[in-house]
1. Identify, from the list B:85, B:99, the residue that is touching a Ser or Thr at 6+ places or on another chain (Cβ under 7 Å), at the interface with chain A (Cβ under 9 Å from one of its Cβ atoms) and outside any loop (DSSP other than H, G, I, E, B).
2. In region B:87-125, which residues are charged (D, E, K, R) and open to solvent by 20 Å² or more (accessible area, probe 1.4 Å)?
3. Quick one: residue B:22 ticks every box in (1) farther than 25 Å from residue A:6 by Cα; (2) surrounded by fewer than 20 Cβ atoms within 10 Å (Cβ to Cβ) except a single one, so which number is it?
4. Checking the conditions here, which among A:66, A:28 is open to solvent by 10 Å² or more (accessible area, probe 1.4 Å), within 14 Å of chain B (Cβ to nearest Cβ) and either farther than 30 Å from residue B:19 by Cβ or of a type in the set (Asp, Glu) (or both)?
5. When you look at residue B:46, is it more than 11 Å from the chain's Cα centre (by Cα) and not hydroxyl-bearing (Ser, Thr, Tyr), yes or no?
Protein chains: 2
Amino acid sequence: MTDASTTLGYHWIVDLHGCPSDLLDDHELIRSRLKETTDRFGLTLLNIVSNQFEPQGVTAIGLLAESHMSIHTWPEHGYAAIDIFTCGSEARLKSACRFIADALQAQSCSVLRLRRGLLNHDGTSRMASEPISLDND
Amino acid sequence: MTDASTTLGYHWIVDLHGCPSDLLDDHELIRSRLKETTDRFGLTLLNIVSNQFEPQGVTAIGLLAESHMSIHTWPEHGYAAIDIFTCGSEARLKSACRFIADALQAQSCSVLRLRRGLLNHDGTSRMASEPISLDND
């Protein structure tokens with residue numbers, strides 16, 4: 001398939017493992033890390049919603065001028081599921097992913113980069129994805 | 001790689017093309033469709049945030065007991081970017097995707113299913129993705 005259209009958004013999917021459970025269950029900390037990530041890397045946070053789950057786990061979701069960023073945590077597994085979706089530039093997303101991985105003291109990290117909004121010549125849509133390594137530029 | 005861990009969440013990424021621009025630029029309609037989708041398909045909506053962009057475009061994001069659902073629209077392209085992330089069952093996600101695609105009168109649709117939270121035996125994380133067709137069961 002040829003690349004018949006412009007990418008309308010970049011959606012980076014981030015899995016963090018090996019994070020300390022106390023960090024992942026700290027509601028205010030998770031909210032703060034989301035805000036810091038958007039502030040530092042040029043994303044405009046318009047609104048944030050969050051929830052502390054029982055017996056554990058936190059969700060924080062930022063509505064961005066560029067789309068959204070979410071953090072969901074499973075403290076019992078040392079796991080955080082993050083995504084950053086921007087209709088703007090993706091130039092700083094790798095740095096943003098590194099920042100949030102470091103902030104949550106992740107021992108390992110997987111990142112999948114999705115290009116959203118692609119359209120084929122025949123009008124059908126398609127999805128493009130590729131793994132991203134945070135270890136090198 | 002062997003499947004060394006349980007999937008902690010299912011994240012379905014949905015690209016809709018060929019939607020009428022007036023639907024995609026209707027803030028209340030987009031919010032309503034998000035609510036209807038979660039209500040009909042067993043997802044628990046705890047909070048919703050949304051924004052009408054200028055000159056056009058809407059974002060609606062639902063914080064779910066199960067994780068999140070988002071809708072971002074580009075009326076000028078007839079395009080909507082949707083994701084549904086659940087830590088629960090994915091049994092009804094295909095029906096949910098069909099419902100929202102129909103509700104927004106999409107002419108074409110791409111769905112990518114991500115399994116989140118997978119961990120290898122050696123402690124490294126990984127991401128698994130596969131395209132999903134809504135045309136058959």
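1. Values: B:99 fails: at the interface with chain A (Cβ under 9 Å from one of its Cβ atoms).
Criteria check complete, one pass: B:85.
2. Scanning region B:87-125 gives B:90, B:92, B:94, B:98, B:102, B:113, B:115, B:122.
3. Here residue B:22 meets the rest and fails (1).
4. Step by step, each of A:66, A:28 is checked, and only A:66 is open to solvent by 10 Å² or more (accessible area, probe 1.4 Å), within 14 Å of chain B (Cβ to nearest Cβ) and either farther than 30 Å from residue B:19 by Cβ or of a type in the set (Asp, Glu) (or both).
5. Spelling it out, residue B:46 is indeed more than 11 Å from the chain's Cα centre (by Cα) and not hydroxyl-bearing (Ser, Thr, Tyr).
The values are calculated or read from the model by the stated rules, or taken from the named source; none is laboratory data. Just so it is clear, the structure is predicted and the values come from calculations on it, not from any experiment. With ideal geometry, Cβ positions are generated from the backbone for all residues, glycine too; neighbour counts draw on all protein chains shown. Just the protein is used for accessible areas: all its heavy atoms, side chains included, with ligands, DNA and RNA removed. Shrake-Rupley method; radii C 1.70, N 1.55, O 1.52, S 1.80 Å.
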